[in-house]
1. Give the number of residues within segment 75-99 that are open to solvent by 40 Å² or more (accessible area, probe 1.4 Å) and in contact with a helix residue (DSSP H, G or I) (Cβ under 7 Å, 6 or more places away or on another chain).
2. Pairs please, first residue from segment 126-148 and within 16 Å of Phe12 (Cβ to Cβ), second anywhere and at pLDDT 95 or above and of a type in the set (Phe, Trp, Tyr), Cβ atoms under 7 Å, 6+ apart in sequence or on different chains.
3. Within segment 98-143, track down each residue that is of a type in the set (A, V, I, L, M, F, W, C) and either within 13 Å of Met38 (Cα to Cα) or at pLDDT below 90 (or both).
4. From the set of residues in segment 1-27 that are of a type in the set (A, V, I, L, M) and assigned to a helix (DSSP H, G or I), which is farthest from Phe131 (Cα to Cα)?
5. Considering only residues that are more than 16 Å from the chain's Cα centre (by Cα) and under 18 Å from Lys154 (Cβ atoms), which ones fall in segment 50-108?
6. Which condition number does Thr115 fail, the rest of (1) open to solvent by 60 Å² or more (accessible area, probe 1.4 Å); (2) touching a residue at least 24 places away in the same chain (Cβ under 8 Å) being met?
7. Report the residue count in segment 112-157 for those that are assigned to a strand (DSSP E or B) and either out of contact with any helix residue (DSSP H, G or I) (no Cβ under 8 Å at 6 or more places or on another chain) or of a type in the set (A, V, I, L, M) (or both).
8. For the structure I just gave you, tell me whether Gln26 is more than 30 Å from Arg150 (Cβ to Cβ) and open to solvent by 30 Å² or more (accessible area, probe 1.4 Å).
Amino acid sequence: MENREQIERIEFFLNTVVLEELGKLQDAGLTYMHFVIMGQAVEVLGGFLDQKPMKAKGQSAHRFAAAVRYLLGGRYRLLNENNFLYDKLRNQMTHTFLPGGDLILVRTGEEKGYTHLEIKDKHLVLVADTFYEDLRRACGRLVQLLKEGRIKPKNIAFGNDN
């Protein structure tokens, strides 16, 4: 398959599966399940940054960290030192649906005056609507890197017929 077609397929996947589906969760007003899926989405984005097959085993932490480092950046990168975000957001939320005592999860920033990625009383605040917008930008950065040829597109089994 030609690179252009692979990039178009990846872009379609990101828009259809990652962004549209996450948008539906956001519109439904969900908080916990929204964070579960967003944490997994970070890992998926990181899967496009390495040269291994998407189904490669044992890549979860590496892919999450790569997406944080190269696509989300900024404060996310600082907060993921020692895999903090990976452990608390991706692992704990995926496997137990519990954020643990280290996170405060809210749907909107207006709830109780919280700000996304702030530390409040020794807890990290995550705001779903802000995190979703940051993921939207991260998807855009990934597509840009693909189109500029800075990363090699993967051949994924996803398309108009799925």
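The values are calculated or read from the model by the stated rules, or taken from the named source; none is laboratory data. Because the structure is predicted, anything quoted here is derived from the model rather than measured. Cβ: placed from backbone, ideal geometry, glycine included. Neighbour counts: every protein chain shown. Just the protein is used for accessible areas: all its heavy atoms, side chains included, with ligands, DNA and RNA removed. Shrake-Rupley method; radii C 1.70, N 1.55, O 1.52, S 1.80 Å.
1. Looking only at that region, the number is 5.
2. Leu142/Phe48
3. Leu98, Leu105, Leu126, Val127, Ala128, Phe131, Leu135, Ala138, Cys139
4. Result: Ile7.
5. Once the filter is applied, which keeps residues that are more than 16 Å from the chain's Cα centre (by Cα) and under 18 Å from Lys154 (Cβ atoms), segment 50-108 yields Gln51, Lys52, Pro53, Lys55, Ala56, Lys57, Gly58.
6. Result: Thr115 passes all but (2).
7. 6
8. The answer is no for Gln26.
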